[in-house]
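Engineer: Let me begin by handing over the structure; questions about it come next.
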Amino acid sequence: MLLQFFKYQGTGNDFVIIDNRQEIFPKNDTKLITKLCDRRFGIGADGLILLENDKMSDFKMIYFNADGGESSMCGNGGRCLVAFANFLGIIDKETRFNAIDGLHEATIEGDLVHLKMGNVDEIREKPAYSVLDTGSPHHVQIVEGLDSFDVKREGAKLRYGLYGEAGKNINFVQPVADGSFKVRTYERGVEDETLSCGTGVTAVAIAMHKTGKTDTNKIKINTPGGQLTVGFEQHNGSYTDVYLSGPAKQVYKGEVEC
């Protein structure tokens with residue numbers, strides 16, 4: 001069959017998005033998902049997202065990594081899906097949608113999508129890194145010389161060597177003089193560096209605040225794909241009202257034979 005798809009990107013984190021409200025997409029076909037995400041033999045993307053009907057909210061988000069497996073929450077993917085729902089006319093400037101980690105709220109302001117993430121109550125601080133879950137599990141570690149750092153090699157070592165087969169996403173961070181932070185991320189499921197990771201950026205902002213690297217509650221994070229902003233409230237060690245903000249844009253649409 002011919003399948004209509006849309007390609008979206010949020011700070012270089014790119015996704016194949018499909019309107020699956022009629023439930024036509026074979027969600028159990030991991031080989032098809034892998035093929036569609038392949039950058040040489042398919043459309044090419046970091047992941048594939050289905051927009052589906054939901055009784056509790058405006059729509060439901062189903063997210064698959066490029067390896068074909070259904071994954072945990074994707075922040076940039078969520079922002080792109082909100083932009084897609086707006087394009088379809090399902091929502092206007094505000095929405096509430098369901099994802100694998102629960103309900104999310106979001107607002108749209110031009111090309112910017114502000115996505116409310118889940119609360120973060122537990123942050124494990126180690127001497128050289130922090131571990132926390134922002135909808136997906138993340139390792140956050142400050143390094144020197146981030147621009148020339150071998151993210152794929154060192155990220156894979158930690159992803160498998162420290163956390164086993166299930167793994168975590170690995171974020172390497174460098175503070176910037178203006179109070180912002182530079183981040184490069186190795187994503188499990190993609191098994192490579194991505195240009196941006198929304199839940200990773202969120203994890204970095206919270207970890208930098210928790211460990212005293214910044215005292216502001218609105219933090220600019222620069223990724224290879226562009227700049228994102230994370231804002232939050234903090235009370236008694238718990239981070240609430242966490243918002244991930246940045247651009248989300250449609251790149252093109254097309255049809256592919258399945």
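What follows draws every value from the coordinates through simple rules; no lab data is involved. Quick caveat, the model's predicted, so the values are computed rather than measured. As a convention, Cβ positions derive from the backbone with ideal geometry for all residues, glycine included, and neighbour counts pool all protein chains shown.
Engineer: Distance check, please: which entries in LYS31/LYS93; LYS7/LYS182; LYS7/LYS126 exceed 31 angstrom between their Cα atoms?
Structural biologist: Going by Cα-Cα distance, LYS31/LYS93; LYS7/LYS126 fall outside the 31 Å limit.
Engineer: Does segment 60-151 classify as rounded, prolate or oblate by the C-alpha gyration tensor (a ≥ b ≥ c root eigenvalues; a/c under 1.5 gives rounded; else a/b over b/c gives prolate, otherwise oblate)?
Structural biologist: The shape class here is prolate.
Engineer: Here is a further query. Compute the angle between helix 198-210 and the longest alpha-carbon principal axis of the chain, please, reported from 0 to 90 degrees and rounded to the nearest 10.
Structural biologist: The angle comes out near 20 degrees.
Engineer: Using a cut-off of under 12 Å, list every residue of segment 48-90 whose amide N is near the label point 7 Å from the Cα of GLU191 along the Cα-to-beta-carbon line.
Structural biologist: In segment 48-90, the label zone of GLU191 (backbone N under 12 Å from the point 7 Å along Cα→Cβ) covers 66-69.
Engineer: Let me ask another. For a test of the definition: using alpha carbon positions, the gyration tensor, and the 1.5 limit on a/c, classify segment 123-246 as rounded, prolate or oblate.
Structural biologist: prolate
Engineer: While we're looking at this one, here's another question. With each pseudo-label sitting 7 Å past Cα toward Cβ, what's the LYS35-THR240 distance in nm, one decimal?
Structural biologist: Result: 4.9 nm between the two label points.
Engineer: Now a separate question. If I model segment 1-46 as equal point scatterers sitting on the Cα atoms and use the Debye formula, what is log10 I(q)/I(0) at q = 0.18, 0.25, 0.30, 0.32 Å⁻¹?
Structural biologist: Rounded to two decimals, the profile gives -0.56, -1.02, -1.25, -1.29.
Engineer: With loop defined by DSSP as not H, G, I, E or B, and exposure as at most 14 other Cβ atoms within 10 Å, which is the longest segment of the chain clear of exposed trypsin sites (Lys or Arg not before Pro)?
Structural biologist: With trypsin sites (Lys or Arg not before Pro) excluded where exposed in loops, the chain gives 94-258 as its longest stretch.
Engineer: Under the rule of at least 5 residues apart or a separate chain, name every residue whose amide H is placed under 5 Å from the amide H of THR194.
Structural biologist: THR185, GLU187
Engineer: Indicate the gyration tensor shape class of segment 112-181 (rounded, prolate or oblate), computed on the Cα atoms with a ≥ b ≥ c the square roots of the eigenvalues: a/c under 1.5 is rounded; otherwise a/b larger than b/c is prolate and the rest oblate.
Structural biologist: On the way: a/c = 1.60, a/b = 1.05, b/c = 1.51.
It is oblate, given that a/c is not under 1.5 and a/b is not larger than b/c.
Engineer: Once the Cα atoms of helix 151-161 and of the chain are each reduced to a long axis, what angle between those two axes, in degrees from 0 to 90 to the nearest 10, is obtained?
Structural biologist: Its long axis makes an angle of about 90 degrees.
Engineer: Same structure, new question: If you take the Cα atoms of the chain, find Rg, then find the Kirkwood Rh from the mean of 1/r over all pairs, what is Rg/Rh?
Structural biologist: Value, to two decimals: 0.95.
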